[in-house]
Structure formats: structure tokens, C-alpha cells
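The values are calculated or read from the model by the stated rules, or taken from the named source; none is laboratory data. Remember, it's a predicted structure, so these values are computed and weren't measured experimentally. When we count neighbours, we look across all protein chains shown, and the Cβ atoms used for this are built from the backbone with ideal geometry, even at glycine.
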Amino acid sequence: MRRVIVRRSPVHGKGVFAMRPLAAGERVLEYKGEITAWRDALRRHRREGVAGHTFLFGLSDGRVIDGSRGGNSARWLNHACTPNCETIEDGGRIFIYTLRPVDSGEELFIDYLLAIDDAGDEEARAQYGCACASPECRRSMLAVAA
């Protein structure tokens, strides 16, 4: 039986939802797509644009997984400041694991932990507003400065 389904999200656009209860620590998905250099992925994203979506997932070696090319349902995971899932990189692959038990029908979320070149640029920061509505919402999909 499939564990997840993509459908309209009350948070933003499409989202990924559990089709059955998921246990804490369960590996749910792999983030799939074309692995490429950041430079190439950004150039393509600027050229093609995907209706306000960015499906780029950075890897620790400096490359990126471009979920808009050969990606799967994981590219529709939405951001939340208090997510119920986390991403773990293993051997150049990204896997999504639950952080706690997830009920059937519940939307799955990860913390995007995005970074921008100029954290002081308010216009750039405004592009990454958060809509998760969590009581602990930090109002941004950007990572908290260390």
C-alpha cells in the first residue's frame, strides 16, 4: 500500500499527505531528481521558472538535486517551522524520515532551512515568508542565523 499521496494543501499549492499512519523514525520518501551543479540548476530555474516553485535540494558536496527534472512526489513537501519530518543525506541521496508519529491524512512537512546570500536584504527575505501557521512559526522559510 502506498504511504503518501500528493494533493492540494491548505498551506501552499500541493502537499504530501500520509495515506496510512506512519511511525516515528520511519523512512517515507527519497527526494529524487537530476543531480547537477548549482550554477546549472539556477540558470535553468531562471530560464524555465516553475510557476513560483523551486525544487532544488542542496547536497553537502556542493551539488544539487533538481526535483523538476525526474523528480518524485517528495518535491511537493511543504515547509513548516515545526515539521513532522526531517531530511537526512546518505551517500549523496536525500531521504525523508518522520520525526514523530504521523496520522493518516496528515500533511508531511520539513523545515526548508533556506539560506540567502544577503541575510540583511529585507526584500529578499520577504520572498521566503512562511505560511505554516504553527504557534512557533518564525515567519520565514530561511534558517535561523547561528
- Message: Among (1) acidic (Asp, Glu); (2) under 21 Å from residue 4 (Cβ atoms); (3) without any contact (Cβ under 8 Å) to a residue 12 or more places away in the chain, there is one condition residue 40 misses while meeting the rest; what is its number?
- Response: (2)
- Query: Taking the condition touching a Lys or Arg at 6+ places or on another chain (Cβ under 9 Å) and modelled with pLDDT under 90, does residue 81 pass?
  - Reply: no
- Query: Of the residues 8, 27, 44, 69, which single one is among the basic types (Lys, Arg), in contact with a strand residue (DSSP E or B) (Cβ under 8 Å, 6 or more places away or on another chain) and under 18 Å from residue 110 (Cβ atoms)?
  - Reply: 27
- What pairs can you find where one residue is in the range 20-31 and over 16 Å from residue 77 (Cα atoms), the other is surrounded by fewer than 19 Cβ atoms within 10 Å (Cβ to Cβ) and of a type in the set (Gly, Ala, Ser), and their Cβ atoms are less than 6 Å apart, with a gap of 6+ or different chains? 20/104; 21/104
- Message: Quick check on my filter: what residues within the range 2-12 are surrounded by 12 or more Cβ atoms within 10 Å (Cβ to Cβ) and closer than 16 Å to residue 79 by Cα?
- Response: 6, 9, 11, 12
- Would you check if there is a residue in the range 38-57 being closer than 24 Å to residue 21 by Cα, surrounded by 15 or more Cβ atoms within 10 Å (Cβ to Cβ) and of a type in the set (Phe, Trp, Tyr)? no
